[in-house]
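Scroll down for the structure; my scribbles are underneath it.
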Amino acid sequence: MKKEIKDENGKRVHPYVPELCEQLRKGELDRREFLRTATLLGVSAGAAYGMAGKILGEPMVKEAAAAEDPKMGGTLRWGMQVQEMTDPAKFDWTEKSNVARHIVEYLCRTGSDNITRPYLAEGWEASDDLKTWTFKLRKGVKWSNGDDFNADDVVFNFTRWLDPKTGSSNIGLFASMVEEIDTGKKDDKGNAVMGKRMTAGAVEKIDSHTVRLNLNSAVLSMPENLYNYPTAIVHRRFEAEGGDLSKNPVGTGAYALAEHRVGDKAVLKRRDGYWGKKPFLDEIVYVDLGEDRAAWLAALASKQVDGIYQFDVNQLDMAERLPGVVVHTATTAQTAIARMQMDKAPFDDKRIRQAVQACMDHEKLLQLAYRGKGAPGEDHHVSPIHPEYAKLPVQKQDYAKAKKLLADAGHPNGIQITIDVGNTSGKWELDAMQAFREQCKPAGIDLVLNVMPSSQYWEVWDKTPFGFTSWTHRPLGVMVLNLGYRSGVPWNESHYNNPAFDKALDEASAILDVNERRKKMETVQSILQDDAVALQPLWRAVFTATSDKVKGYSTHPTFYHQFNEVWLA
Amino acid sequence: MLIFMVRRFGTMVLTMVVVSLLLFLLLEINIGSVAIKVLGPYSSEEQRNIWLEANGYFEPFYIRYFSWLGNFITGDFGDSIRFKVPVGEILWPRLANTGILGLATMLVVIPLSLVLGVLAGMKEGSNLDRGISVGSIVTTSIPEFASAPLLSAIFVFYLDWLPGTSSMASGFSLVQLVLPAMVLVLYDFGYVTRMTRASMAEVMMTHYIRTAVLKGLPYKTVITRHALRNALIAPFTVIMLQINWLLSGVIVVEFFFAYKGFGALLLEASLTKDIFMIEACAMVAVFVAVATQTIADVGYTYLNPRIRFA
């Protein structure tokens, strides 16, 4: 049995923490990864920063870059679509959560630096097998209606998320707390209709401010999942009181909803009695500027708003030239992949997939389609910013190889293939595929682009044999692979099915030690890259812009807003 | 005249019924996809069935169509999926906003183009005519999606005179109306001017004008008393058609300037697959189209004495 380790306060420390410290000392782990993993294992962010400072001999708190004193007061106007905001558990757009995030809060918070910190939970502990997670809730937190925040609220939220009747996507996020059951019904073909329900005892109230989660399988990213945008904690009587946050905005957050008109604007006013540090802004106003991103920049340029939700890479030149405007860039694991379904002709032939892959010059596509802002892709969907990323040999464009593979596959005179492009994350997708079309030509591959509106693309994204699908940022590489490439999972759009890959991914997902996990990831990434189901031109950076009056703001990789630290000069 | 009116009205109703049937077929024939759009992609089969049952979607097609049509006539368009409120609550204010934009545009376009058209048509081939004609052809050939960024680049980014968007977030603002109206005027006035000019030039060639000039009437009297009334018949129809054009033509302008109008609403409804909103918007657009057409026809017969119905 492992020895119990305790910190100065007598709190139990995860047995892996000393090992982490050792790795940081030896330089096997960088500071950022140390902070991330240590906080994941229940060490408070302050303590983790302290440990890192001690080990690396750096000051614990970095000196402020600008010596300006934050000012209280003012109204921040932000250009973003104002969407309906009925039920946080059912949010399907980040924009909805951005307004709500100022009213209702989360158990944990992942900052722009990719580090997850305590929030409504003041700390957490994970069992060694990562199957039991205990969350200590913050005491003294009051709801805006005067009630105390306690474990009942958290239990209510988990129970609600994991009830299929709620219709929340969280049921997939917390799959380790859900079991499949036979509903007793039969479908048209006579097969049993399977349903889902929360595993009995998955959420356990220990005392008024402690909740324990009992999982069916090991999960490393529990705290990070609890900042995923549909996991905001609503009041325990949310449903009884109408189940509509926009009509009955009860929350623990620092702001109260003063006005909410879909497609028009949302007004948030700072409220008294907030448990945390008093935020600087009196008022936050979200102004709906429609769907045309050119209009957003125009509104910023004419000072109608102080910040905009995002803008496209092709507007970068213009944004950088606007006087009084600051461009914020965030490095992300956002991408798009040209994925081929390995059970549909002609992509059922691995040689054809590899021939297409051999035509791709990733670095060039990054330059042509995304102004070089980001990183070249490597066809395995693990980003260099993911902690467990393993560096593989650089891929080279190889027409001789492509031609030989095509000839071997029975297409010596070339082949025509069609890709669906929906520009769901911007026009850069079409630019990338147009450039790729030219790269394919010398090998005799005629890549036809079938361009469609983004809404139409989302209807076929998991059905089309060959399509270009955008994927959002996730903090860990294994999270994406488990969602999109494991055999039989709902989002496996390439119908990828490789037992060797599944096995390697299983092994990697169960390892807490990043260096050990990275060794396993080398295999995982190599298998996926070699199977060539997902060609990935690039990892893209994302951009937002604010007026130079806005201080204390940094872009979150997934555009999550939280303006508690923001102030106006 | 009465028979003519009844016939026109009948055609109008028939057109709308046909369009409503097409709309219904396109959007509501697949009840499964209706339920997914309303309840969201994560809803369960069971939830969808309950919703379909509760909303009468398991009835035969024709019964559903007639009850839908009945609701529509009584002003019950259903609830918007995107806004989560009855469609009417969003639709009417948006339509009024587009009305304001359209009115502002027309207030400039009508006087401007009539004056320019008459001036140009009075003396065909004169320098004034050449100048106005070329100018109006040039502005009309620039589509809104090109003139909007151009004007925006000049007045917003370069001169910094006008606001870049017209969302009217803090109440109605006239200055925010300038750019969208300017784009619409620029595109539209040339067309109406050309029509007026052609009509005026044609009238000026007629015998009765020649007679009036020859019998020694002052030129001013010839124009105002004899030429204008006849020359304005064609522009009247064209202007009525512009109202219809405005309703769809504003989509680009409203989208570009984030103006909360009907055009932007229709576009956003299509993008977010807000089917009940699409249905209501489409029916409103069709209604405006056939209604302006009918008014134009009726007005035309009134203005032009050569068209008379016994």
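We did not get these values from a lab; they are worked out from the coordinates using the rules stated. Keep in mind the model is a prediction, meaning the values are calculated, not measured. Methodologically, a virtual Cβ is constructed for each residue, glycine included, from the backbone with ideal geometry; neighbour enumeration extends over all protein chains shown.
Points to keep in mind about this one:
- Neighbour-limited loop hits for trypsin sites (Lys or Arg not before Pro), segment A:157-195 (at most 16 other Cβ within 10 Å; DSSP other than H, G, I, E, B): A:Lys189
- Seen from all directions on average, segment A:331-541 presents a Cα convex hull projection of 10.4 nm².
- Distances between placed amide hydrogens fall under 5 Å for A:Glu122 paired with A:Lys136, A:Leu137, A:Arg138, all partners being 5 or more residues away or on another chain.
- Near the amide H of A:Ile415, within less than 5 Å, lie the amide hydrogens of A:Ile445, A:Asp446, all on another chain or at least 5 residues away, with H placed in the peptide plane.
- Centroid-to-centroid separation of segment A:200-265 and segment A:501-540 [C-alpha atoms, Å]: 32
- Candidates B:Asp129, B:Asp188, B:Asp160, ranked by Gaussian network fluctuation over chain B, Cα under 10 Å, top entry: B:Asp160
- Averaging Cα coordinates gives a centre for segment A:73-145 and one for segment A:148-186; these two points are 18 Å apart.
- Sparsely packed trypsin sites (Lys or Arg not before Pro) within segment B:142-225, loop by DSSP, other Cβ within 10 Å at most 14: B:Lys215
- Footprinting exposure proxy for A:Ile445, B:Ile154 (fewest neighbouring C-beta atoms within 10 Å first): B:Ile154, A:Ile445
- On Cα atoms only, tilt of B:87-122 relative to the major axis of chain B in degrees: 10
- Span from the segment A:355-386 Cα centroid across to the segment A:541-562 one, whole angstrom: 25
- Cβ neighbours within 10 Å from other chains - mean over B:247-260: 3
- Rg ratio (alpha-carbon, reference 2.2 N^0.38 Å) - chain A: 1.00
- Applying D = kT/(6 pi eta Rh) to segment A:5-56, where Rh is the Kirkwood radius over alpha-carbon pairs, T corresponds to 10 °C and eta to 1.306 mPa s, the Stokes-Einstein value obtained is 147 µm²/s.
- Cα gyration tensor category, rounded, prolate or oblate, for segment A:241-317 with a/c compared to 1.5: prolate
- Karplus-based coupling profile of segment B:13-22, in residue order and whole Hz: 5, 4, 4, 5, 5, 4, 4, 4, 5, 4, with θ = phi - 60° in 6.51 cos²θ - 1.76 cosθ + 1.60 and x standing for Gly or Pro.
- 20 Å-binned pair-distance histogram of chain B (Cα, whole percent): 26, 47, 23, 4, 0
- Proximity of backbone amide H atoms, modeled 1.01 Å from N, is registered between A:Trp471 and A:Thr335, A:Ala336, A:Ile337 at under 5 Å, excluding neighbours fewer than 5 places apart on the same chain.
- For segment A:75-257, the C-alpha radius of gyration divided by 2.2 N^0.38 Å, with N the number of residues, is 1.07.
- Peptide A:282-295 shows a mean partner chain C-beta count of 5 within 10 Å per residue C-beta.
- Angle in degrees between helix A:31-40 and the longest Cα principal axis of chain A, rounded to the nearest 10: 60
- The angle between the Cα long axis of helix A:350-359 and the longest principal axis of the Cα atoms of chain A comes to about 80 degrees, rounded to the nearest 10.
- Sorting A:280-292, B:288-300 by their mean Cβ neighbour count within 10 Å, with the most densely packed peptide first, gives A:280-292, B:288-300.
- Each residue of segment A:170-179 was assigned a 3J(HN,Hα) from its phi angle through the Karplus expression (A = 6.51, B = -1.76, C = 1.60, θ = phi - 60°), giving 4, 5, x, 4, 9, 4, 6, 10, 10, 10 Hz with x at Gly and Pro.
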